[in-house]
1. Answer with yes or no whether Gln343 is within 24 Å of Ile179 (Cα to Cα), surrounded by fewer than 17 Cβ atoms within 10 Å (Cβ to Cβ), at pLDDT 95 or above and out of contact with any Ser or Thr (no Cβ under 7 Å at 6 or more places or on another chain).
2. Quick check: is even one residue across region 311-327 touching a Phe, Trp or Tyr at 6+ places or on another chain (Cβ under 7 Å) and either of a type outside the set (S, T, N, Q) or surrounded by 14 or more Cβ atoms within 10 Å (Cβ to Cβ) (or both)?
3. Can you pull out every residue in region 87-109 that is over 24 Å from Met173 (Cα atoms) and open to solvent by less than 10 Å² (accessible area, probe 1.4 Å)?
4. Taking only pairs six or more apart or across chains, which ones have beta-carbon atoms under 9 Å, a first residue in region 256-284 that is open to solvent by less than 60 Å² (accessible area, probe 1.4 Å), and a second residue that is in a helix (DSSP H, G or I) and among the basic types (Lys, Arg)?
5. Out of the residues in region 260-293 meeting the condition of being polar (S, T, N, Q) and within 19 Å of the chain's Cα centre (by Cα), tell me which one is nearest to Ile171 (Cα to Cα).
6. Checking the structure you have, find out if any residue of region 236-259 is modelled with pLDDT of 95 or more, closer than 21 Å to Phe351 by Cβ, of a type in the set (Gly, Ala, Ser) and in a helix (DSSP H, G or I).
7. Filter region 185-206 down to residues that are polar (S, T, N, Q) and under 30 Å from Asp282 (Cα atoms) and give me whichever is surrounded by the fewest Cβ atoms within 10 Å (Cβ to Cβ).
8. If only one of Phe77, Phe122 is at pLDDT 90 or above, more than 30 Å from Gly202 (Cα to Cα) and surrounded by 21 or more Cβ atoms within 10 Å (Cβ to Cβ), which one is it?
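The values are calculated or read from the model by the stated rules, or taken from the named source; none is laboratory data. All of these numbers come straight from a predicted model, not from anything done at the bench. In this analysis, Cβ positions are derived from the backbone assuming ideal geometry, glycine residues included, and neighbour counts consider all displayed protein chains. Calculation scope for accessible area: heavy atoms of the full protein, side chains included, ligands and nucleic acids excluded. Shrake-Rupley method; radii C 1.70, N 1.55, O 1.52, S 1.80 Å.
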Amino acid sequence: MASLLRAPVAKMLAPRTSSLVGRVRYIQKNTGPWRTVSPPKVIGHPVPHPTEVLLTSKDFLENDLVPTEHLAGMKTFILNRPKALNAINSEMVKILNRKLREVENNPSIAHVMLRAHGGKAFCAGGDVKSLALAARNGDFNEGIGFFRREYKLDYLIRTLRKHTYAWMDGITMGGGVGIGCNTDFPIATENTVFAMPETAIGFFPDVGASRLLCRNELPIALYIGLTGAKLNGKDLVNFQFASHLIRSQLRPNVQEMLSRSSDYSSAEEMNKALECFQSLDDLTPNITEEIEEAIEKCFTASSVEEIIEKLREHNTPWAQQTVATLNRMSPTSLKVTFEQLSQVKQNDLNFPDC
């Protein structure tokens, strides 16, 4: 019992300080991961919200697609289709839209996090398999409706009048990038595997990802967008796709810190507080400096054909593998994606335009 109560009591006894970072460091030192279960009253100190709970594996029901955690001034919405790598379907999009709109109008909630259940994936993308099956049966409205709702969800996340966070632990691809990287603070872990693999299925980087990719110089954006290259958490921070890189086991601590933060904490204050959890400095990026130099050389081009020609001239194992990858992609998708990213970069298009 003592170990069960130690973490919540220690946090309630944390010194009252105007420094959010100072309070975070105190919590880090005196607590570890926990599941809050109605701690006792401590005279003279605040009592946690009675509905506070962090869910464990046994709490998840298969038919509850987006369960909710509530910690003080924070709500966490959890993607719960682990058998499908949390691929987001029409029903999940509808639920998230509704829950986010409800929380936007709730003055007691200042922070919103998106995370996932299952351990392998944050979100492997949109459930395009069901859309393809519907289209084969002549139902194109299902796909049209899904993408319309998905893009509205991405825009809602991007513009929500709350501090928003995504715990991108595991596979984060396609539609998962849309709901994760459009938050204020997309957080990567040692398990994050990021990709925009649309050119492999005859599509293009959607969900606002063209704006995301073009935070970098065009050759990097083209490389990631055309090849569907897999990036890890270190890459995501290096290329501005994630705000922080934090060990996965620290999620409960991060949630606790965020939930206790003032409603009036600025984005800058929240950023500094999250930096206290930064770790994994020894993680090696997938795109090393050597590969980045090769990308700059080979993907500075006026067409897909010129990129392939430069890669063949470069003729390193990396270049040969990249040519083989491009040859497996849809030629039409490569052309469309090249033009898309070039236009975004050239015209500095904003998120709604993307």
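1. Yes, satisfied.
2. Taking region 311-327 as the starting set, the residues that turn out to be touching a Phe, Trp or Tyr at 6+ places or on another chain (Cβ under 7 Å) are none.
No.
3. Just the residues of region 87-109 that are over 24 Å from Met173 (Cα atoms), to begin with: 101-109.
Once the filter is applied, which keeps residues that are over 24 Å from Met173 (Cα atoms) and open to solvent by less than 10 Å² (accessible area, probe 1.4 Å), region 87-109 yields Val103, Ile109.
4. Final answer for the pair search is Glu256/Lys11; Met257/Arg23; Ser261/Arg23; Ala273/Arg23; Cys276/Arg25; Leu280/Lys234; Leu283/Lys234.
5. Of all residues in region 260-293, those polar (S, T, N, Q) come to 261-262, 265-266, 271, 278-279, 284, 286, 288.
Subsequent filtering for residues that are within 19 Å of the chain's Cα centre (by Cα) retains 271, 278-279, 286.
Numbers: Asn271: 24, Gln278: 20, Ser279: 19, Asn286: 15 Å.
The qualifying residue nearest to Ile171 (Cα to Cα) is Asn286.
6. There is no residue in region 236-259 that is modelled with pLDDT of 95 or more, closer than 21 Å to Phe351 by Cβ, of a type in the set (Gly, Ala, Ser) and in a helix (DSSP H, G or I).
7. Filtering region 185-206 down to residues polar (S, T, N, Q) leaves 189, 191-192, 199.
Next, from what is left, pick out any that are under 30 Å from Asp282 (Cα atoms): 189, 191-192.
Numbers: Thr189: 25, Asn191: 18, Thr192: 29.
Of everything passing the filter in region 185-206, Asn191 is surrounded by the fewest Cβ atoms within 10 Å (Cβ to Cβ).
8. Working: Phe122 fails: more than 30 Å from Gly202 (Cα to Cα).
Going through Phe77, Phe122 in turn, the sole match is Phe77.
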